[in-house]
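Just below is one structure, and these are the notes that go with it.
The values are calculated or read from the model by the stated rules, or taken from the named source; none is laboratory data. For clarity, every value in this text was computed on a predicted model and none was experimentally measured. Positions of Cβ are generated from backbone atoms using ideal geometry, with glycine treated the same way; all protein chains shown enter the neighbour counts. Areas reflect the complete protein model, heavy atoms only, side chains present, ligands, DNA and RNA absent. Shrake-Rupley method; radii C 1.70, N 1.55, O 1.52, S 1.80 Å.
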Amino acid sequence: MTRIEREKKTIAQMIAIYCRRHHGAGSGNLCPECAALLDYARARLDRCPKGNAKSSCRKCEIHCYSPANREKIRAVMRYTGPRMLFVHPVAAIRHLITEMK
């Protein structure tokens, strides 16, 4: 699995957790707002100029996200980050290791 594919999977997991808690979506379903955010994030990852050699988006000097969507993603990550270790421990640990690089 490439880095971009892993990032897409991780962001999908994070948005699902956030949506389930904040918007009451059932498992496997996202509200329209979160589904649009996920589509946007996947499109941004597909168009990442750094490709699989990318750092984490937080450390990147290129800001691919629009300011409004950047704030939405930050809110999702702020909420989901601490909970990922309990819900998706492998993805959370892999993400933490990648952040340290």
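Provide Arg78, Arg44, Arg3, Arg94 ordered by accessible surface of protein heavy atoms (probe 1.4 Å), highest first. Working shown, then result.
Details: Arg78 155, Arg44 65, Arg3 35, Arg94 110 Å².
Of Arg78, Arg44, Arg3, Arg94, the descending order of accessible area is Arg78, Arg94, Arg44, Arg3.
With the convex hull built on the Cα atoms of the chain, state its orientation-averaged projected area in nm².
Working: hull surface 24.9 nm².
In nm², the orientation-averaged hull projection of the chain is 6.2.
About its Cα centre, what dipole magnitude does the chain give when the only charges are +1 on Lys and Arg Cβ and -1 on Asp and Glu Cβ, stated in debye to the nearest 20?
Numbers: 20 positive and 8 negative charges, 50 e Å.
For this selection, approximately 240 debye.
Round to the nearest 10 and report in Å² the accessible area of Glu33, as given by a 1.4 Å probe over the protein chains' heavy atoms.
Roughly 100 Å² of Glu33 is accessible to a 1.4 Å probe.
With a 1.4 Å probe and every protein chain kept in, tell me what percent of the accessible surface of the chain is carbon plus sulfur. Display every interim value, and only then the final one.
Numbers: 3680 of 6440 Å².
Ligands and nucleic acids excluded, carbon and sulfur reach 57 percent.
Could you order Ile93, Ile15 so the one with the most accessible surface comes first? Probe is 1.4 Å.
Details: Ile93 85, Ile15 0 Å².
Ranking Ile93, Ile15 by accessible area, largest first, yields Ile93, Ile15.
Give me the accessible area per residue for the chain, probe 1.4 Å, as a whole number in Å². Show your work: numbers first, answer last.
Details: 6440 Å² over 101 residues.
Each residue of the chain exposes 64 Å² on average to a 1.4 Å probe.
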